[in-house]
Amino acid sequence: MRRREIIAGLGSVGVLAGAGGLFLGGVPSFEAVPSFEADSAESEREGGSDGPITIETIDARGSEAGAVTVPNGDVIVVELFVTGCGNCQAQMWKLAEAHSRLAAEYGDGLTFLGATYQSTDSKPPAELREWWRGHGGNWPVGYDPTGNISARYGAVGYPVTMVIDERGEKRWEKLGFAPPETIVEAVQPVLEANDGTEPNESTTAGANESQTA
């Protein structure tokens, strides 16, 4: 088993330790993000056949109390975050702009999902709801305190933005900041492929490239 844990208290930066190394980013309090374990073979996958992951969502702007599964037959843009992370806060506005552009152009067939590593104990739904509205969130948001998504798709750190296709395969990933246009360019060819149309080759190459901050 491989343990990945979030360590806080190093000034204004946080460190997520794991087999992938050390990544710096903004940090919440230590209690906000629990440690979790994931099988190393599973965490290296870019998807898998172990069934969909269910994220319990809350009643918030653009979100309803219920659940979103990954995969769910749509192209999914997933954002993994913690509310006390300054980089996560800044990235939310970039996501909001990308979401607005993509929703206007594509509508159906696209799901955005925000998933916090925090638990309902460390960040109650009422507080998450307020934070979500205050940072431009307008799509489903919920909790993944045991890191099921990050374990399944091999994501380390936060914020992480991923594009997952309708079959549940990761097609693109970015740790840290991603400008709205970069997110849009990553999503478009996956949506077009899902619709059975041929995307632009140069755009596809950029979208399939997994990036790190």
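Some points to look at:
- Solvent accessible area, Å² - E192, 1.4 Å probe, full protein context: 50
- The packing ranking of peptides 66-77, 136-147, highest mean first, is 136-147, 66-77, where packing means the average number of other beta carbon atoms within 10 angstrom of each residue.
The values are calculated or read from the model by the stated rules, or taken from the named source; none is laboratory data. Just so it is clear, the model here is predicted, and its values are computed rather than measured. No Cβ is skipped: glycine too gets one built from the backbone with ideal geometry, and neighbour counts run over all protein chains shown. Side chains are part of the model used for accessible areas, which takes the heavy atoms of the whole protein and leaves out ligands, DNA and RNA. Shrake-Rupley method; radii C 1.70, N 1.55, O 1.52, S 1.80 Å.
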